[in-house]
Amino acid sequence: STISKNSLKASLLQLDCHFTWTLLEQDVDLDDLEETIVNQIKFFIESNLTNYNLLSYICHLKNSNEEALRNLQKAEEVVQKHHPDEIARRSLVTWGNYAWIYYHMKQYEEAQTYVSKVENICKKLSNTAHCKTQFPEVYAEQGWALLRFGGKNFEKAKNCFENALKNEPDNADFHAGYATALYRLEGLTCPCSEETSSTIEALKQAVELNPRDTCLMALLALKLQDLEQVDEGERYIEEAMQKTPDLPYFLRYAAKFYRRKGELCKAVKILKKALEVTPNSSFLHHQLGICYRGKVLQWRKTRNSPQDQVENFIQLAIFHLKIMADQKTKFIAAHIDLAGMYALGKRYEEAEKIFQELFHRNNLSYREKQQLYFSYGNFQRFNMKSESKAIQYYIEGLKIEKDSYGRHKCNEAVQSLLQQKFERGLGDARDFATLGLVHTLNGEKQEAIECYEKAIALDCNNEEYQNALFELRLSI
């Protein structure tokens, strides 16, 4: 009956599980995510409860509810095997997902059975039938799920792990999640910022509690590398290499470490080894593409480098980056890298096509937009030899007045480009006004005023410059 259906829906919304955590399909590539989770189930036995629950949700999003139910059965088997003393509280998320999937299959009685199961456990464990996360395991599971669903969820994921740690400050898994969330968040903003030290602290603590987790060791090594503590970082990589020489998830980070250290051949060797184990990993293809790009740039610097060798590296880089871009349609950085690689290979039309496709997307985050403006500005400046267009795009990036690595790069690029023009004696009124706009966008009003005054001295009847100067003086 409809009444019971409505009251059922109300109860379902009170459950704490993947269906109530706003994990949005448009933020990820479902096929790619599914492949990742299936691979991880093979390699990480201890986190399989989390993985099977998440996989059931992904199957539901892909309209295979039967498959979703099978994964929930596997999750239950994991709980019975690994947590026989805590079956009830370890099953809250699984049972919540069961309830939702049965609801979507219009099997309302089964759905109600699972809703009641969860409510009874909550009453028993915390004296309230409302089960909105009071259990640290559930917070942690939500955190891991959010980390999987794209950058806009990283902050929420960090908060989940913080909540879990409030209840169990010594839990190794919660520390691993918290440190991973900090690492990911920092990757979105600036590679090297004041947050780095707190990320390093969190990773060190997590590694101490989880000495078997070589992926954490590798993340710590990469962070130490950011702070130019390369030797200490490399010690962690070497120790981890002893522990898990064949684990693809560790190897990909080890390869990244050596690539950034400039040891490209070593990085390529490690990545190829990892690809043998997980041949479809888009991350590995992306890293290989970047390594081959590095080789192209190295060879370009060498005098008399054999052209066919350079061509070969360009082809390899494009091949691997293209696999990544095709698999991860929502991962903007991969598409920008591919466009840049086409540009390096002088295939300008193909590069332009990718850039235009990205400009037409309407769901980019401000960070992705800033990164895109910066990269396209570089394309105009270095490949198309159009400084005026480059300036125009760098400024578009600056106009989004939220701080990010991409905005920081736009700012650097436009200022250095204008500085070069002034030093060559080529700067005109328009250039001074442009620099004035840059300073205005950066909140540097005094510098902006000086620039507009210089612009007006060179072009005294320009109303646009006069208005800008007038507004600036008013605002001080």
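The values are calculated or read from the model by the stated rules, or taken from the named source; none is laboratory data. Keep in mind that what you see is a predicted model, and the values were worked out from it rather than measured. Cβ placement follows ideal geometry from the backbone for every residue including glycine, while neighbour counts extend to all protein chains displayed. Calculation scope for accessible area: heavy atoms of the full protein, side chains included, ligands and nucleic acids excluded. Shrake-Rupley method; radii C 1.70, N 1.55, O 1.52, S 1.80 Å.
A few notes on this one:
- 1 or more residues in contact with a Gly (Cβ under 7 Å, 6 or more places away or on another chain) and within 24 Å of Phe331 (Cβ to Cβ): qualifying helices (runs of 4 or more DSSP H) within the range 201-289: 214-226, 248-261, 264-277
- Residues in the range 334-351 that are open to solvent by 40 Å² or more (accessible area, probe 1.4 Å) and in a helix (DSSP H, G or I): Tyr348, Glu349, Glu350.
- Output for the range 169-186, where each listed residue is assigned to a loop (DSSP other than H, G, I, E, B) and open to solvent by 60 Å² or more (accessible area, probe 1.4 Å): Pro169, Asp170
- Filtered by the rule that a residue be among the hydrophobic types (A, V, I, L, M, F, W, C), modelled with pLDDT under 95 and surrounded by fewer than 18 Cβ atoms within 10 Å (Cβ to Cβ), the range 71-122 gives Ile87, Ala88.
- Residue match in the range 220-232 (condition: open to solvent by 60 Å² or more (accessible area, probe 1.4 Å), among the acidic types (Asp, Glu), at pLDDT 95 or above and over 25 Å from Ala267 (Cα atoms)): no
- Of the residues Ser386, Ser404, the single one that is modelled with pLDDT under 95 and either open to solvent by less than 20 Å² (accessible area, probe 1.4 Å) or in contact with a helix residue (DSSP H, G or I) (Cβ under 7 Å, 6 or more places away or on another chain) (or both) is Ser404.
- Number of residues in the range 405-450 that are in contact (Cβ under 8 Å) with a residue 40 or more places away in the chain, polar (S, T, N, Q) and assigned to a helix (DSSP H, G or I): the value is 1.
- Residue, nearest to Cys215 (Cα to Cα), within the range 11-69, restricted to residues that are open to solvent by less than 40 Å² (accessible area, probe 1.4 Å) and charged (D, E, K, R): Asp32
- Cβ-Cβ under 8 Å pairs, at least 6 apart or on other chains, the range 214-239 side farther than 23 Å from Ala172 by Cα, far side surrounded by fewer than 24 Cβ atoms within 10 Å (Cβ to Cβ) and among the small types (Gly, Ala, Ser): Gln225/Gly233
- Put simply, of Leu426, Leu418 the only residue that is over 31 Å from the mean Cα position of the chain (by Cα) and open to solvent by less than 10 Å² (accessible area, probe 1.4 Å) is Leu418.
- Criterion violated by Glu137 - all others in (1) modelled with pLDDT under 95; (2) open to solvent by 40 Å² or more (accessible area, probe 1.4 Å); (3) of a type in the set (Asp, Glu) satisfied: (2)
- Considering the conditions (1) part of a helix (DSSP H, G or I); (2) surrounded by fewer than 21 Cβ atoms within 10 Å (Cβ to Cβ); (3) touching a Cys at 6+ places or on another chain (Cβ under 9 Å), Phe374 is excluded by exactly one of them, (2).
- Near pairs, Cβ below 7 angstrom, 6+ apart or cross-chain, from the range 121-135 (within 18 Å of Leu12 (Cβ to Cβ)) to any residue that is surrounded by fewer than 13 Cβ atoms within 10 Å (Cβ to Cβ) and at pLDDT 70 or above: none
- Matching residues in the range 69-90 - criterion: being in contact (Cβ under 8 Å) with a residue 40 or more places away in the chain and within 23 Å of Ile58 (Cβ to Cβ): Arg90
- Here Lys166 does not fit the description of being over 21 Å from the mean Cα position of the chain (by Cα), surrounded by fewer than 18 Cβ atoms within 10 Å (Cβ to Cβ) and within 25 Å of Ser11 (Cα to Cα).
- Residues (of a type in the set (Asp, Glu) and touching a residue at least 12 places away in the same chain (Cβ under 8 Å)) located in the range 451-476: Glu453, Asp459, Glu464
- Meets criteria (part of a helix (DSSP H, G or I), polar (S, T, N, Q), crowded, with 18+ Cβ neighbours inside 10 Å and at pLDDT 95 or above) for Asn159: no
- Counted residues, the range 299-329 - those being in contact with a helix residue (DSSP H, G or I) (Cβ under 7 Å, 6 or more places away or on another chain) and in contact (Cβ under 8 Å) with a residue 12 or more places away in the chain: 15
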